[in-house]
Amino acid sequence: MSQRLKQGLLFSSLTFFVAAYLRAAENSPQTVSVKIETILASNQSGEFDSRLKALEKQLSVLKYRSYRLLKEESQNVPSQGSASFEIPGGRSLIVWPQDFRNQQVALKVRLQGGQKPLLDTTIRLPNKGNFILGGPPHDGGVLVLSISANVQ
């Protein structure tokens, strides 16, 4: 085998392995920063919490007159781990990063109310984007969860 052919095969092999490594690295992020904003949506007043200005367009689709931020929490979640967020009303939201590809993050989310899950699904959202999730009744309205994710 000629020296030139050996070098070509070595270069091709290295290129293949580097591409495979980069593809695997994109599919399994090291850490995902997850932020949960818990919002009370109701028709009791016309109040719109100014801290929710960035979500105003998304929230307007829900057709409530009042939106108030009740809680905001962020956690860094390892790619093979999970995080639990306390939600008003004795509930918790558990989040597991699933994968990252095409600049989108897949998260498995489970809303627990006591021992039984109220919701168990997988969502896909743009990296550095958010997903609005309608939740259970609470305090004369409904809870709305804004789930944001940023792959680090």
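The values are calculated or read from the model by the stated rules, or taken from the named source; none is laboratory data. For clarity, every value in this text was computed on a predicted model and none was experimentally measured. Glycine also receives a Cβ, built like all others from the backbone with ideal geometry; neighbour counts cover every protein chain displayed. Only protein heavy atoms, including side chains, enter the accessible area calculation; ligands, DNA and RNA are left aside. Shrake-Rupley method; radii C 1.70, N 1.55, O 1.52, S 1.80 Å.
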Problem set entry | The lone exception for residue 75 - which of (1) of a type outside the set (Val, Ile, Thr); (2) open to solvent by less than 30 Å² (accessible area, probe 1.4 Å); (3) within 18 Å of residue 150 (Cβ to Cβ); (4) touching a residue at least 40 places away in the same chain (Cβ under 8 Å) it fails | (2)
For this session: Using the structure shown, decide if residue 131 is aromatic (Phe, Trp, Tyr), under 14 Å from residue 34 (Cα atoms), touching a residue at least 60 places away in the same chain (Cβ under 8 Å) and not in a helix (DSSP H, G or I).
Result: no
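Every residue, every condition in (1) part of a strand (DSSP E or B); (2) among the charged types (D, E, K, R); (3) over 17 Å from residue 34 (Cβ atoms), yes or no:
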site	(1), (2), (3)
57	no, yes, yes
62	no, no, yes
67	yes, no, yes
76	yes, no, no
89	no, no, yes
110	yes, yes, no
117	yes, no, yes
136	yes, no, yes
149	yes, no, no
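Hey, among 108, 57, 128, which residue is surrounded by 14 or more Cβ atoms within 10 Å (Cβ to Cβ) and not polar (S, T, N, Q)?
Answer to the selection: 108.
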Seminar exercise, completed: Listed by first then second residue, the pairs whose first member lies in region 110-123 and is over 20 Å from residue 100 (Cα atoms), whose partner is open to solvent by 30 Å² or more (accessible area, probe 1.4 Å) and among the charged types (D, E, K, R), with beta carbons under 8 Å and at least 6 positions apart or on separate chains, are 111/91; 111/120; 112/91; 113/91; 117/110; 118/91; 119/110
Exercise. Restricted to region 78-87, and to residues that are part of a strand (DSSP E or B) and either hydroxyl-bearing (Ser, Thr, Tyr) or in contact with a Leu (Cβ under 6 Å, 6 or more places away or on another chain) (or both), which residue is most open to solvent (accessible area, probe 1.4 Å)?
Worked result: 84
For this session: State yes or no: is residue 62 open to solvent by less than 50 Å² (accessible area, probe 1.4 Å) and touching a residue at least 12 places away in the same chain (Cβ under 8 Å)?
Result: no
For this session: Look through 99, 120 and report the one residue that is charged (D, E, K, R) and either open to solvent by less than 50 Å² (accessible area, probe 1.4 Å) or touching a helix residue (DSSP H, G or I) at 6+ places or on another chain (Cβ under 8 Å) (or both).
Result: 99
Problem set entry | Residue satisfying condition, being more than 22 Å from residue 105 (Cβ to Cβ) and aliphatic (A, V, I, L, M), within set 69, 59, 55 | 69
Exercise. Got at least one residue in region 30-41 being assigned to a loop (DSSP other than H, G, I, E, B), of a type outside the set (Lys, Arg) and closer than 23 Å to residue 136 by Cα?
Worked result: no
For this session: Inspect all residues belonging to region 31-48 and state whether any of them is modelled with pLDDT under 90, more than 18 Å from residue 126 (Cα to Cα) and either open to solvent by less than 40 Å² (accessible area, probe 1.4 Å) or under 22 Å from the mean Cα position of the chain (by Cα) (or both).
Result: no
